[in-house]
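Rule-based calculations on the coordinates, nothing more; no lab input. The model shown is predicted, which means the values in this text are computed figures rather than measured ones. All Cβ positions, glycine included, derive from the backbone under ideal geometry; neighbour counts span all protein chains shown.
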Amino acid sequence: MRIPIIAGNWKMNTNVDEAIRLVESMLDGLEAVPGVERVLCPPFVSLTYVSDLLVETSIRLGAQNMYPADKGAYTGEISPGMLKGLCQYVILGHSERRQYFGETDEFVNRKVHTALTHDLVPIICIGETLAENEAGQTAAVVTRQARGVLAGLNGDQVSRVVMAYEPIWAIGTGRPATGEGANQVIGLIREVAAGLAGPGPAQALRIQYGGSVTGDNAAEFMGQPEIDGALVGGASLKADQFVRIVQTTAQAKGV
């Protein structure tokens, strides 16, 4: 059985004091649902502070990005070595990184290999635009992206990563995909992974849905058999909403 995973991507929100207060306000609620893996992904400046708050807990910590080099003249970037020992997860290839910073599948793939080399678990994001969705290109786009970001990974590595299907048209718009539609696309991603690494690793691969997930609609997604959790944006900045999503996931998955 795949352990469900809910990750909160805080994006460029909260200063250090706000991050501390947010964690403190949701900590007890999150700790009460041990059957779901819970990951908090605050901005880089708050990682150390949040890490200190999570030391005695079962909640995991993730970074929002990482550069695929151990060190060097990359002003403003964060290396995997800076994250190792501090975080367990790192979000890679988010649509905002692709849209605003020109990241490609090939570049994301480099990051994935680098993260795994440093014992960081990548949460790898893929998903189509509104235009691609309306043109009926979802399957083709998602297949291409999945093959690109997973290229060169062996079966063990594929079974260790987490993927997130985030239809770009649903992120932050309040217009989520349907549970059935998301489940179908995530099933396709699993098929692509099976073609690359075999059915065993593909079945072990955890795949989240992301895109306007809230406490109100989480049950629709978490009740689907292919969906193993959620990558949560705006709702992860509201303690009650995020805890509710985790609770709903545990109920839907029977853990």
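For segment 97-255, the percent of C-alpha pairs falling in each 10 Å distance bin, counted from 0 to the bin holding the largest distance, reads 11, 40, 36, 12, 0. Taking 20 Å as the straight-line reach from the Cα of LYS111, the aspartates and glutamates in range (excluding those fewer than 8 positions away in the same chain) are ASP70, GLU77, GLU96, GLU103, ASP119, ASP156, GLU166.
Got a sec? How would LYS84, LYS238, LYS111 order by Cβ neighbour count within 10 Å, fewest to most? Show your work: numbers first, answer last.
Working: LYS84 15, LYS238 18, LYS111 24.
So the residues, fewest neighbours to most, are LYS84, LYS238, LYS111.
Listed values for segment 103-113 are Karplus-derived 3J(HN,Hα) couplings in whole Hz (6.51 cos²θ - 1.76 cosθ + 1.60, θ = phi - 60°), namely 6, 9, 4, 5, 5, 4, 4, 4, 5, 4, 4, and x replaces Gly and Pro. Spatially, segment 1-67 and segment 187-255 are offset by 17 Å when compared through their Cα centroids. Using only the Cα atoms of segment 128-173, build the gyration tensor, take square roots of its eigenvalues as a ≥ b ≥ c, and label the shape rounded, prolate or oblate: rounded if a/c is under 1.5, else prolate if a/b is larger than b/c, else oblate. Oblate, because a/c is 1.5 or more while a/b does not exceed b/c. Taking the average, over residues, of other Cβ atoms within 10 Å as the packing measure, peptides 239-249, 118-128, 69-79 rank 118-128, 239-249, 69-79 from highest down.
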